[in-house]
There are 4 protein chains.
Amino acid sequence: MTTARLEAFSDGVIAIIVTIMVLELRAPAQPTWPALLKVAPIFISYGLSFLVVAIMWVNHHHLIHAVRKVTARLLWSNLNLLFWMSLIPFVTDFLGKNYRQPVAVSLYSLDLALCGASFWLLRTELVRQDQHDAEPSEYHARIQRKNLLSTLLYLLAAPAAHFSIYASFLIFALIPAMYFLPEKKLVTSADQPIIDR
Amino acid sequence: MTTARLEAFSDGVIAIIVTIMVLELRAPAQPTWPALLKVAPIFISYGLSFLVVAIMWVNHHHLIHAVRKVTARLLWSNLNLLFWMSLIPFVTDFLGKNYRQPVAVSLYSLDLALCGASFWLLRTELVRQDQHDAEPSEYHARIQRKNLLSTLLYLLAAPAAHFSIYASFLIFALIPAMYFLPEKKLVTSADQPIIDR
Amino acid sequence: MTTARLEAFSDGVIAIIVTIMVLELRAPAQPTWPALLKVAPIFISYGLSFLVVAIMWVNHHHLIHAVRKVTARLLWSNLNLLFWMSLIPFVTDFLGKNYRQPVAVSLYSLDLALCGASFWLLRTELVRQDQHDAEPSEYHARIQRKNLLSTLLYLLAAPAAHFSIYASFLIFALIPAMYFLPEKKLVTSADQPIIDR
Amino acid sequence: MTTARLEAFSDGVIAIIVTIMVLELRAPAQPTWPALLKVAPIFISYGLSFLVVAIMWVNHHHLIHAVRKVTARLLWSNLNLLFWMSLIPFVTDFLGKNYRQPVAVSLYSLDLALCGASFWLLRTELVRQDQHDAEPSEYHARIQRKNLLSTLLYLLAAPAAHFSIYASFLIFALIPAMYFLPEKKLVTSADQPIIDR
């Protein structure tokens, strides 16, 4: 299998994940502005998940571009990531409908923590492939530190929700912000790639 | 990231948007022609949205073909557009079920206005990339004027619905007509491209 | 736009159409074999539509391969075809739930008639592109006669359902059979193409 | 049709199958951990089907890579496989909701048996194409024996469920394990292909 096919399949799955979430947006029974306002939390959780999945999609591309060889380990690490990502529509729907309930906030946090850990795991295969190369190794280590940080923060957000859901929401806002800013650098690094192959 | 991947991902999302809308078409409980006739507004709003999304898809292609370089700004402007487009199945369903209610007509207008504005924003990045080139700049300016006009018309349709929903429906019919005719020109201009790269 | 992109987008839409139909297959409330048997008509109508869409997909490929140039007319004829195809999950669901009701059988027939007519219309653009070439013209004329025949048969199946739904079902079985057999010839003709470009 | 298009369409359908299954995961009405625990069987059946479809996707790629020529027979054998795969979301949902009921376990087994048989059938076309070549023939025969074994095991799991659903569950766990291990070999054989063309 080439990285092109791996990427095309992953793109397909991610495009579907990001789009079917909208099916959870149920129109209110009464067509009034106040009724629409009550759906706002569902809309906001959809917006947040759209952003999170979009960030993952961009990062996934940068990751796949650094692949030297499609190994079984890489293939299955990628399928593992797609599995946890595929649960995002489910946890998003649950959060939107129960945004005041610690359980829903926790479950959302846990799934995103698992996605973060899966990204970290997927990159270990790249680290292995690039182990004799100083420059990409340093690059991978930097990204993995960030993966680990966001995984830990999401893991923290899960129990935190049982004390204050606002603490968890703060973490949900913080992580995209953290990823969003360095995104620009990552895209620049793809334009003038460190790892050019 | 290449424009090919950006286009493939956007195509995937747009193909899903346009197709999942059909899931909102619920068969009437009673299998009679009069019962089917009652579903007609849902069918008509589906048809309108299919047309609107199809026009956006065609325009999106022309836009992406004029891209010189995939920058972070371009990437995120595109994801912003896809986000507002992804809400079209939701606002379409709401409109179909409540086509006599100003709120539903307004919400539909607002989402399409946001799509129009997102197209305008996305093209500003192209304007930036082509700023030292007279011919494409003139071309971008022409399209952006059209984006702005349709955005303003949709923005107008939102409050108008609270006075007369028929005024809003007229705008909904007018804008596709306006885009549809120049579409031919745009396709011709792609066949004999102004901006040939 | 190239035919490759047109084909990729159409493939995406067709893949979604064929797959989301399965979402209409609702598991019976009671997990018993007799309860499952009652769902059989829904399953059979799904199977029939899968076959019909698969035949359309194969024919669509052969058609696109014969395209010389992506014109606005071609683009919009293709989007018109995709629109009527996108209604197949809806009419299939309606048929499966009301397979004894003439209205459901009629509606199914009408949508497939419109798909057939859209195929015919789409090919008129190819006829136009190939008008100075004797061999492809003869080939297009042959396919269009078949398109017309199946369109007329489906049109006939719509009123026929109000007299005998079995007459309509016979037509539903006949048309795939008619298309299925010559499919082999078409694939062969693509392997040893009449129109080689 | 090229194998690239056949693969892209199959990838599209498989990506949708694997992702829409998540729509069956319905959030519990009450946002509590015990309520979530009750959804666990639905989640587990989703996870199992994700794994099964992922294995099929990987195997499908290896199969398509060995294709010499896209014949009508190959095309329709592939569409036949996609049809039975498209039912996986349905049987998975039914299993998740009724995991203690023999009927649900049987139906799941039967669909996977039909998928296995379809893989076997699809490969017979490759056997035909490679019949004058000793090395690939031996390779195909080896895979087909495995297809046959898993088909028979799934066929066995169907009646077995009526005696003990745990016997069927054991088979469900066994087959992915059996496929998962040799997967590595298959990927290796693609990296250093036996059949290099």
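The values are calculated or read from the model by the stated rules, or taken from the named source; none is laboratory data. No experiment lies behind these values; they were computed from the predicted model shown. Cβ placement follows ideal geometry from the backbone for every residue including glycine, while neighbour counts extend to all protein chains displayed.
Return yes or no: is D:L82 within 20 Å of the chain's Cα centre (by Cα) and farther than 23 Å from C:Y46 by Cα? No, not satisfied. Which numbered condition trips up D:A160, out of (1) within 16 Å of the chain's Cα centre (by Cα); (2) over 20 Å from D:T71 (Cβ atoms)? Single failed check for D:A160: (1). Within region A:1-15, no residue satisfies the criterion of being in contact (Cβ under 8 Å) with a residue 60 or more places away in the chain, more than 10 Å from chain D (Cβ to nearest Cβ) and crowded, with 20+ Cβ neighbours inside 10 Å. The residue pairs whose first member lies in region A:127-153 and is over 25 Å from A:M85 (Cα atoms), whose second member is surrounded by fewer than 13 Cβ atoms within 10 Å (Cβ to Cβ) and not aliphatic (A, V, I, L, M), and whose beta carbons are closer than 9 Å, counting only pairs six or more residues apart or on different chains, are A:S137/A:Q131. Yes or no: region C:72-82 includes at least one residue that is farther than 30 Å from B:A29 by Cα and modelled with pLDDT under 90. The answer is yes; a qualifying residue exists.
Selection of region A:116-133 for residues being within 14 Å of chain D (Cβ to nearest Cβ) and under 12 Å from the mean Cα position of the chain (by Cα) yields only A:S118. Looking across region C:44-71, the residues that are more than 19 Å from B:R26 (Cβ to Cβ) and among the aromatic types (F, W, Y) come down to C:F50, C:W57. Of the candidates C:L63, C:L82, the single residue that is of a type outside the set (V, I, T) and either farther than 19 Å from C:P136 by Cα or touching an Asp or Glu at 6+ places or on another chain (Cβ under 9 Å) (or both) is C:L82.
Within region B:68-79, residues that are more than 7 Å from chain A (Cβ to nearest Cβ) have Cβ atoms under 8 Å from residues that are of a type in the set (A, V, I, L, M) and assigned to a loop (DSSP other than H, G, I, E, B) in these pairs: B:V70/B:M1; B:L74/B:V67, counting only partners at least 6 apart in sequence or on another chain.
Of the residues that sit in region D:141-184 and are in a helix (DSSP H, G or I) and farther than 22 Å from D:A117 by Cα, which one is modelled with the lowest pLDDT? Walk me through how you get there before you give the answer.
Filtering region D:141-184 for residues in a helix (DSSP H, G or I) gives D:141-160, D:165-184.
Still in the list and also farther than 22 Å from D:A117 by Cα: D:165-166, D:184.
Working: D:I165: 93, D:Y166: 95, D:K184: 40.
This residue is D:K184.
Which of the residues belonging to region D:85-102 are more than 7 Å from chain C (Cβ to nearest Cβ) and either among the hydrophobic types (A, V, I, L, M, F, W, C) or within 13 Å of the chain's Cα centre (by Cα) (or both)? Let's see the steps before the verdict.
Initially, region D:85-102 is screened for residues more than 7 Å from chain C (Cβ to nearest Cβ), giving D:85, D:88, D:91-92, D:95-96, D:99-100, D:102.
Hits for region D:85-102 are D:M85, D:I88, D:V91, D:T92, D:L95.
Please work out which one of (1) over 17 Å from C:F172 (Cβ atoms); (2) within 14 Å of the chain's Cα centre (by Cα) is the condition C:H65 fails and give its number. Every condition holds for C:H65 apart from (2).
Of the residues making up region C:16-51, those that are in contact (Cβ under 8 Å) with a residue 40 or more places away in the chain, more than 15 Å from the chain's Cα centre (by Cα) and more than 9 Å from chain D (Cβ to nearest Cβ) number 4.
Suppose the filter is touching a residue at least 60 places away in the same chain (Cβ under 8 Å), more than 9 Å from every other protein chain (Cβ to nearest Cβ) and aliphatic (A, V, I, L, M); does B:L82 pass it?
Values: touching a residue at least 60 places away in the same chain (Cβ under 8 Å): yes; more than 9 Å from every other protein chain (Cβ to nearest Cβ): no; aliphatic (A, V, I, L, M): yes.
Spelling it out, it is not the case that B:L82 is touching a residue at least 60 places away in the same chain (Cβ under 8 Å), more than 9 Å from every other protein chain (Cβ to nearest Cβ) and aliphatic (A, V, I, L, M).
On the stretch given as region D:97-130, residues that are assigned to a helix (DSSP H, G or I), in contact with a Pro (Cβ under 8 Å, 6 or more places away or on another chain) and of a type in the set (S, T, Y) total 1.
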